[in-house]
Amino acid sequence: NLCAKYVNQYIIIRYSQAILKLIFKYFSVAPSPTTAVHYLATKCVDTVKTHHKGSKWFMPWGPDQCSKIRDFDEAMAKRIEANNIVFAVHIPLPNREMSPWFQFMLVILQFDIAFKMQNQIEDGSLVTMDVGLAYRDSTLSEWTEMAHSTEHRKLSCNFTATKTYENEGRYYECDLLPFMEVGSVAHKYYLLNIRLPVNERKKVNIGIGEIKDIRLVSIHQNGGFTKVWFAMKTFLTPSVLIIMIWYWRRITQMTRPPVLLEKIIFALGISMTFINIPVEWFSVGFNWTWMLLFGDIRQGIFYAMLLSFWIIFCGEHLMDQTERNHFSVYWKQVGSIVFGSFCLFVFDMCERGVQLKNPFYSIWASDVGTELAMAFIIVAGICACLYFLFLCFMVFQVFRNISGKRSSLPAMTKARRLHYEGLIFRFKFLMLVTLACAAMTVIFFIISQVNEGHWHWGGYTVQVNSAFFTGIYGMWNLYVFALMFLYAPSHKRYGDEQSSGETPRHGEDIQLTTTITHVDGPTEIYKMTGKEAQE
């Protein structure tokens, strides 16, 4: 009866609220997603003697540490050439180990450059670096080369004081430079050796000022956050998969073929399941450097599917009966979304795709690459905002369409009028939830793009805590779960006598189903909002 129905709905609502409170309380104290560790490079001396010993890698500390100098004044006093100086950095710090739970390692570089009247930084000067990366899993084993490359980075430095002899020795203020990104942290120890070769004839490393030190910042994902993230994906995968199978089974049991709206909801469930599958567990045991790129591809597919769904979801409640249920009607909107997603994929492949072979590569290293990357992020943010405004306009049209259809409700019987009023209320609530979900998705997308490149934006930094990150991910899953639950065809039927205005037989219950669909055709709201062909 109605009373029992309301009690059940109340219990479900209160139970959902309790679950959400527990989730937000847990993730509010979850560890930060990433950790930054600062390093100061040690200046090692590469002598002919060490070459004869066959030593290729220079350790800054430990039993096999290199021969070191404190500064370049000492090197000049000992007549050590710049080509024989190697900047060595060991990751992590002494008495610590890296872990596969860190998932990735991003390294940022900064030069400490002193001002000299006779050796100033020239405009557009490039620093040429001969860089090498090695790894080992034991302090007793030999270093194994992981990558080696010759890289160029453009200096962007500013000297705030007056350029006079009195201010010699003061440091330039130099921007952070992208240095390296590794998509897997499969080894315990890493070693970086950086050389700054000088060749006056070829103008290599000429006019770059007097470099005093090299500082590095290593950023990696927190192990605690990784475990929370993996556990969340492991829990959500079967949940969405089960409701998706149940949803499609309900549709296939119907006598009619599925409509476009039902197909797109099922496709959304598939994309959500695809991004949920916790394949990251394998990255703990295997050195899969392509996991970052694969994760970006999965998220891009979900973005494209979610944005396309919202357009079709609103559009199907605006079209008349002759136009709806045809995917070709939305080719302009969906085509634009697919094109934007393809551009995202190309942009990602231009950096992370190349980094699979050369972890020192960065699209931000050149002027053209920096301008393209900045323009891409800005245009992507603008397009995301324009999409949200267009979606708001479509939702407004849907609400106006529903308000126009409400004029036919007073002519219905009381039971049927209550039934449709309940459906309209739930549908409007779902549309508002859709708008809220879209707004949070757009905000998350923009912040993610800025946060991923915040080291390249100068002094402006955007922090994304774990509660926001996991909260958005949980919101997507809950939204997709609710869609499949609400739009699964109901097994309840409304008697013919109700639709003809007759009084139901004694003892027959009028039940207001929590779903929005009907067994004999498309959704009742779907049929109600659509205009008849003869109109």
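The values are calculated or read from the model by the stated rules, or taken from the named source; none is laboratory data. Here the structure is a predicted model, which means the values were calculated and not measured. Cβ placement follows ideal geometry from the backbone for every residue including glycine, while neighbour counts extend to all protein chains displayed. Please note that ligands, DNA and RNA were not included when accessible areas were found on the heavy atoms of the full protein model with its side chains. Shrake-Rupley method; radii C 1.70, N 1.55, O 1.52, S 1.80 Å.
Points worth noting:
- Cβ-Cβ FRET estimate between Met374 and Phe282, R0 fixed at 35 Å, reported to 0.05: 0.50
- Compactness ratio for region 39-221: Cα radius of gyration over 2.2 N^0.38 Å (N = residue count) comes to 1.07.
- Ala161-Arg400 pseudo-label distance in nm [points 7 Å out on the Cα-to-Cβ vector]: 6.6
- Contour excess over end-to-end distance, with Cα ends at Asp130 and Glu173 and 0.36 nm allotted per residue: 13.1 nm
- For region 62-146, the orientation-averaged shadow of the C-alpha convex hull comes to 8.3 nm² (one quarter of the hull surface).
- Efficiency of FRET between Arg215 and Lys116 - r from beta-carbon atoms, R0 30 angstrom, step 0.05: 0.95
- Net charge dipole size for region 39-221 [Lys, Arg +1 and Asp, Glu -1 on Cβ; Debye, nearest 20]: 360
- Theoretical gain in end-to-end length, Lys428 to Lys56 [0.36 nm per residue, Cα-Cα removed]: 127.1 nm
- Between region 316-376 and region 233-284, the alpha-carbon center distance in angstrom: 24
- Using a cutoff of 8 angstrom between alpha carbon atoms and counting only pairs six or more residues apart, the relative contact order for region 39-221 works out to 36 percent.
- Solvent-accessible heavy-atom area per residue, rounded to whole Å², over region 39-221 at 1.4 Å: 51
- The stretch between Ala267 and Trp290, if pulled fully straight at 0.36 nm per residue, gains 5.7 nm over its current Cα-Cα span.
- Each label was represented as a point 7 Å from its Cα along the Cα-to-Cβ direction; for Arg70 and His148 these points are 3.4 nm apart.
- Calculated FRET efficiency for the pair Thr255/Val354, C-beta based, R₀ 56 Å, to 0.05: 0.55
- Volume per residue for region 79-128 equals 158 cubic angstrom (convex hull of Cα atoms).
- Region 173-317, dipole about Cα centre (Lys/Arg Cβ +1, Asp/Glu Cβ -1), debye to the nearest 20: 380
- Rounded percent of accessible protein surface that carbon and sulfur make up, region 39-221, 1.4 Å probe: 47
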